[in-house]
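Read through the structure below, which is laid out as structure tokens, and then see the notes.
The values are calculated or read from the model by the stated rules, or taken from the named source; none is laboratory data. Treat the numbers as computed from the prediction; the structure is a model and nothing was measured. Note that each Cβ is placed from the backbone with ideal geometry, even for glycine, and that neighbours are counted across all protein chains shown. All accessible areas refer to the heavy atoms of the entire protein, side chains included, with ligands and DNA or RNA removed. Shrake-Rupley method; radii C 1.70, N 1.55, O 1.52, S 1.80 Å.
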Amino acid sequence: MSRLFPRTALWSRRLRAALAVLATAVAMCGVALAATSTPSSAAACNGYVGLTFDDGPTGSTSALLNVLRTNGVRATMFNVGQNVQNNRSAAQAQVAAGMWVANHSWNHAHMTSMSQAQMQSDLSQTSSAIQSATGSRPVLFRPPYGETNSTLQSVASSLGMRQVIWDVDSQDWNGASVSQIVANASRLQAGQVILMHDGIQNTRDAIPQIMANLTSRNLCPGMISPSTGRAVAPDGTTPPPTTTPPPGGGTCTATATTPNVWGDRYNTSVTVSGASTWTVVVAITSPQRVTTIWNGTATWDSSGTVMTMRSNGSGNTFGFTTMTNGNSSARPQIRSCTSG
């Protein structure tokens, strides 16, 4: 036994070592398989949308931030000044979670009934409270109830803020169910902004489904540009324009810019490349309305919000003037470009 024991012990040690190597290999294989079967969390972004939450911070801000972080969302928080003053730590938590913090007035009053001096005081006080709590002064402003006029826009601009309304209303403030909020959010298109609210359970519950829908359409949450009021990449860049031509025609590319913006209207210039004769479909956000067009022939759908512009021999650039009708942040969306 004394001569067999060392060999037995040696064999036992080698067996344990072999089993350990095998277990490591199996574990590594399992990890590799798991990594292969896990879908990538970095979906391709063909466009960006602005997810916004009004009326915070609230007692539920922490719960909202947890849901947003879990789903990889960066959003814009339009905060009420007195709420920030009363809950500085929640405003700080918003910034720490990667959110953008913006001005939503001092106490959510009907600001269009104020004098210019009152507007100035209200917005300035709110911006100061946000800057004191977070270290950053807001560059975006959303008027309570979406109520605005040229005086209010001028005051916001004088304080270094761009007014942002919304393109899609989630209706969460109106008792919308989770499924209704998700359905409303599914209408979001690249560059657009949706209105949601801090402190609503149904809104928090809808976020995972909203993100699943956006991901399926290669849309990603982004920041709202203070220069255009449109959703762009989190680093402030705008993705290249993409068009999806309808069947039955060749492809072309239509690129839209807004060279002139006034308080109540703006001009859009569209340049077509890849075709000398073309048809471009453009969507306008209600209640905005186009009043003037040039260098093309336009027809409209029954809603008056989808314009089909055809070349008329005046070149490859056409344009139109849009009245904002209270929605100064929305911009036309190119839906398709077809040659021939």
Next on the checklist: Going residue by residue through region 170-183, is there one that turns out to be assigned to a loop (DSSP other than H, G, I, E, B), open to solvent by 40 Å² or more (accessible area, probe 1.4 Å) and touching a Leu at 6+ places or on another chain (Cβ under 9 Å)?
Outcome noted: yes
Next on the checklist: I'd like the full set of residues that are touching a helix residue (DSSP H, G or I) at 6+ places or on another chain (Cβ under 7 Å) and either buried (at least 22 other Cβ atoms within 10 Å of the Cβ) or outside the structural domain of residue 209 (by the TED database) (or both), limited to region 73-91.
Outcome noted: 75, 77, 79, 81, 84, 90, 91
Checklist entry - Of the residues that sit in region 299-340 and are in contact with a Lys or Arg (Cβ under 8 Å, 6 or more places away or on another chain) and among the small types (Gly, Ala, Ser), which one is most open to solvent (accessible area, probe 1.4 Å)? => result 304
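Condition check ((1) out of contact with any helix residue (DSSP H, G or I) (no Cβ under 8 Å at 6 or more places or on another chain); (2) under 30 Å from residue 219 (Cα atoms)) across all residues:
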site	(1), (2)
93	no, yes
109	no, no
124	yes, no
129	no, no
133	no, no
136	no, yes
149	no, no
Next on the checklist: Contact list please: Cβ distance under 8 Å, first residue in region 153-172 and under 19 Å from residue 288 (Cα atoms) and of a type in the set (Lys, Arg), second residue at pLDDT 95 or above and surrounded by fewer than 21 Cβ atoms within 10 Å (Cβ to Cβ), pairs at least six apart or on different chains.
Outcome noted: 162/139
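Can you tell which of 79, 149, 86, 107 is among the polar types (S, T, N, Q) and at pLDDT below 95?
149
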Checklist entry - So, in region 26-72, of the ones that are in a loop (DSSP other than H, G, I, E, B) and modelled with pLDDT of 95 or more, which residue ends up surrounded by the most Cβ atoms within 10 Å (Cβ to Cβ)? => result 57
Checklist entry - Could we say that residue 19 is surrounded by 10 or more Cβ atoms within 10 Å (Cβ to Cβ), in a helix (DSSP H, G or I) and modelled with pLDDT of 50 or more here? => result no
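Report those strands (runs of 3 or more DSSP E) wholly inside region 264-336 carrying at least 1 residues which are of a type in the set (Gly, Ala, Ser).
Qualifying strands (runs of 3 or more DSSP E): 265-273, 278-283, 297-300, 317-323.
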Checklist outcome for this item: Every listed condition ((1) under 23 Å from residue 66 (Cα atoms); (2) outside any helix (DSSP H, G or I)) holds for residue 189 save (1)
Checklist entry - Only one of (1) open to solvent by 40 Å² or more (accessible area, probe 1.4 Å); (2) in a loop (DSSP other than H, G, I, E, B); (3) touching a Lys or Arg at 6+ places or on another chain (Cβ under 9 Å) fails for residue 137. Which number is that? => result (3)
Item to check | Residue ID - farthest from residue 57 (Cα to Cα), chosen from residues in region 102-134 that are touching a residue at least 12 places away in the same chain (Cβ under 8 Å) and open to solvent by 60 Å² or more (accessible area, probe 1.4 Å) | outcome: 116
